[in-house]
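Note sheet for the following structure.
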Amino acid sequence: MTGKIWDDPDKPSLDGTEKVALVTEADNYGSLLSTIAAWLAGLAQTLTNKTIDAASNTVSNITTAMFEANAVDTDATLAANSDTRLASQKAVKTYIGNRRLDQAALPTADVSLNSHKLTNVTDPTGAQDAATKNYVDTVAQGLDTKPSVKAATTANITLSGTQTVDGVALVVADRCLVKNQSTASQNGIYVVASGSWTRATDADAWTELPGAYVFVEQGTVNADTGWVCTVDQGGTLGSTSVTFSQFSGVGAYVAGPGSSTSGNIATFNGTTGRTIQDSGVAFSTDGTFASNSDAKAPTEKAVKTYADARAVIGKNYLFNPSGELAQRGVTSAADATYDFDRWLTLTQSNPVTPSSVSDAENATPFMMRSLQANASAQRFGRIQWIEKALCRDLRGQAVSLSARVRMSASTTLRYAVVEWTGTADTITKDIVNDWTSGTFTTGNFFTSTTTTVVGTGSIALTANTFADISAAALGTVSGSMNNLAVFFWTDSTQAQNVTLDIAKVKLEKGSLCTGFVSPDMAAVVAACQRYYEKSYNLSVAPATASVPAGLNAICVNSNTIVNGQSMGSREFQVRKMKAPTVTVYGYQGGSGKVSDATPTDLAASSGSTGLVGERSFNVTNGSGGSITTTNNVVVFHFAADAEL
């Protein structure tokens, strides 16, 4: 290769014209290569339609100036909107970061926020606007939410000048809820001023008040409470009363003993006797509700016990509980005298006047009245004894007593349940030993012989005012009881014409007073006729003259009836508790007489009775001589008394 020239026709010269002589092997190759590299670096070439392969190469040191003027745009608004410029990275990032949703194209499909919320959203105004939670809550509650107030009044204030309201020092421009004015038309939402206060612009027209809701920010009493205006449309601001009611109390709960709070939830420990703070209400486990108190809240168990006990109405051991029946027609009752069926009057000294009171009040169609008829004041009352066969199951049992009562004077009425431990059904009717005694035990107020007091009680009555006696668990009957009595009496002497009315008397087994159910009248009559029966109509008193209804007629063989001759027998409608005492009355009302067909009462004792049993009796001429009738007929009424 020494001395050769590079003239290969397929290889271009370095500059297209020159030829380069090849150096000999002895020449310096490194010097040659450096020369060539320097020469190439000085060449400036234009690349037209050429491709730069940057896969394994780096294009570096490029500046904006290397491009044509304005080829790279750094304007972050991309205002030129050009197809011949390139936006810088920073310009693109700034532009996208400043882009608002309202500048974006409308979506053509549902938009998901990936379980995130849109926040700081205003309330809707258009029909198709999205509703905020505040808007929905407000509409659901029927409220017109107003901006909050700094404080709210607790009493009447002067509506002028800066002042302290509910412990908050108000300054000019503060909003204040005024709700306690003596003149209620002045209430409203006000703006504090150094002079006279003015109503807030959002509450200075009546139409802005109904349903207006405002939150109180501060205050000793009203802090963190919400208030709603309870007026209706149609009022006149300044003359119509404006009222606000507390609607919420966020954060206002204070936990006291036995209670705790979590958020807006207060939890109370329902231990017996625990008192709810500031209200004085205590939890009670008493299933009888005996105290009947507004200061006690029954536990769930107590309510269930009380309700379950009243699911079944207790049996009433008393007959004729409201004096529905008064067959005897007694108009003056001395001590230990039956007046209303099954009921005895007891008096301290003189007779009283019994009568029936109809429809004394709604749901009380009958009442037994005793009028103190004597000029001298005295104590009095009434008692009912129960036959042994009908109360023997009460031995060893608790009993409860209830009644509806009224007196014409303000006084104390006493009541008692008393046992007879003597021979069954042969009771001493009057069990009062000393009417003046204030010790209601045997040997004092009550007789000591064969008498045991089950329980006593009293009630203070206001004149002419109805009251309920509800003596639950009045006492427990002993195992020696043969007969049982319920007794009501005046604690003090009563003046002439004072009245005592009693109705709905109920003696029942158990520790609770259950509801009173008015008995069926036919059942009352049948029950009472076991002890007393008459041939007269129920409303006609025995010995009343000229009463044809109910007359008994007996046909005899001859118009002449000799002394001692039986005229015939009659059956009772109801079997008697025992063989009764029977009295026969003539048509003209003569006691112990029969009448002829005219009808005229015959001789005394012409209507004697014999062969008296629980089912029937016989009528005999006991006059001592013969009697003469007409048409072979004798007629009569009768009354049969088998009472205890």
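General observations
- Hits in region 615-644 - residues which are assigned to a strand (DSSP E or B) and among the hydroxyl-bearing types (Ser, Thr, Tyr): SER616, THR620, THR628, THR630
- Of the candidates ARG395, ARG406, ARG382, the single residue that is under 36 Å from the mean Cα position of the chain (by Cα) and in contact (Cβ under 8 Å) with a residue 24 or more places away in the chain is ARG406.
- Residues being surrounded by 15 or more Cβ atoms within 10 Å (Cβ to Cβ), modelled with pLDDT of 95 or more and over 20 Å from ASP339 (Cα atoms) are represented in region 539-550 by at least one member.
- Filtered residues of region 158-173 (kept if over 15 Å from ALA223 (Cα atoms) and in a loop (DSSP other than H, G, I, E, B)): THR158, LEU159, GLY161, THR162, GLN163, VAL171, VAL172, ALA173
Each row is one residue, and each column tells you yes or no for (1) crowded, with 17+ Cβ neighbours inside 10 Å; (2) closer than 24 Å to TYR532 by Cβ.
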site	(1), (2)
ARG575	no, yes
TYR587	yes, yes
ASP596	yes, no
ASP601	yes, yes
GLY607	yes, yes
GLY625	no, no
THR630	no, no
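- Which numbered condition ALA326 fails, given (1) surrounded by 12 or more Cβ atoms within 10 Å (Cβ to Cβ); (2) under 21 Å from the mean Cα position of the chain (by Cα); (3) at pLDDT 75 or above: (2)
- Region 493-509 - residue that is outside any strand (DSSP E or B) and polar (S, T, N, Q) and, of those, farthest from ALA467 (Cα to Cα): GLN496
- Options ALA200, ALA152, ALA184: the member that is closer than 17 Å to GLN246 by Cα, at pLDDT 95 or above, of a type in the set (Gly, Ala, Ser) and buried (at least 18 other Cβ atoms within 10 Å of the Cβ): ALA152
- Checked against the criterion of being of a type outside the set (Phe, Trp, Tyr) and closer than 20 Å to GLN348 by Cα, the candidates THR462, THR426, THR493 yield just one match: THR493.
- Selection count, region 412-434, where residues are crowded, with 18+ Cβ neighbours inside 10 Å and farther than 30 Å from ALA579 by Cβ: 4
- Residues of region 515-534 that turn out to be in contact (Cβ under 8 Å) with a residue 40 or more places away in the chain, part of a helix (DSSP H, G or I) and surrounded by fewer than 15 Cβ atoms within 10 Å (Cβ to Cβ), as a count: 2
- Flag if VAL612 is under 30 Å from GLU387 (Cβ atoms), assigned to a loop (DSSP other than H, G, I, E, B), aliphatic (A, V, I, L, M) and without any contact (Cβ under 8 Å) to a residue 40 or more places away in the chain: yes
The values are calculated or read from the model by the stated rules, or taken from the named source; none is laboratory data. Here the structure is a predicted model, which is why all the values come from computation and not from measurement. Cβ coordinates were reconstructed from backbone atoms using ideal geometry, including for glycine residues, and neighbour counts include every protein chain displayed.
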